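Below is one structure, written out as structure tokens; comments come after it.
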Amino acid sequence: MPERDLEEEHFAKLDREKLAKLKAKQDAEAHQQAAADRKALHFHKCGKCGDDMDTKPFRGVEIEICRACGAVLLDPGELETLAGEDQGGVLKGLFSMFKGEPV
Ligand SMILES: [Zn+2]
């Protein structure tokens, strides 16, 4: 293969690699922006009715309660905290159900 063709092939390969990196960076930025947009749209909104949720302390954890329908949202670990205070009780059973364990 002539040297000029090898050179063109080399630069074409570099261009393809740069384009692939640029596309990956743009995809990652678009994914982050979409996640930020979703959070801004749904933060502290009820998953059942869409109304605002209030944060209230309950037995050492901060739980979110919907102003309109009363649905309750727990952050990761909060159910475990509440279940820990209720050994063998209703919350312990709920926690097991959420984990897919036999109730
Ligand atoms: Zn609601």
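Couple of notes before you dig in:
- Residues (touching a strand residue (DSSP E or B) at 6+ places or on another chain (Cβ under 6 Å), within 12 Å of the ligand (Cβ to nearest atom) and free of Cβ contacts under 8 Å to residues at least 24 places away in the same chain) located in the range 33-57: His44, Asp51, Met53, Asp54
- Taking (1) exposed (fewer than 10 other Cβ atoms within 10 Å of the Cβ); (2) over 20 Å from Glu78 (Cα atoms) in turn, Asp27 satisfies each apart from (1).
- Residue check, Cys69 within 16 Å of the ligand (Cβ to nearest atom), modelled with pLDDT of 95 or more, loosely packed, with under 15 Cβ neighbours inside 10 Å and within 24 Å of the chain's Cα centre (by Cα): yes
- Some residue of the range 72-85 being within 14 Å of the ligand (Cβ to nearest atom), at pLDDT 85 or above and more than 19 Å from the chain's Cα centre (by Cα): no
- Filtered residues of the range 34-49 (kept if more than 24 Å from Ala83 (Cα to Cα), surrounded by 11 or more Cβ atoms within 10 Å (Cβ to Cβ) and at pLDDT 95 or above): Lys45, Cys49
The values are calculated or read from the model by the stated rules, or taken from the named source; none is laboratory data. Just so it is clear, the structure is predicted and the values come from calculations on it, not from any experiment. Glycine gets a Cβ as well: all are built from the backbone with ideal geometry, and neighbour counts include every protein chain shown.
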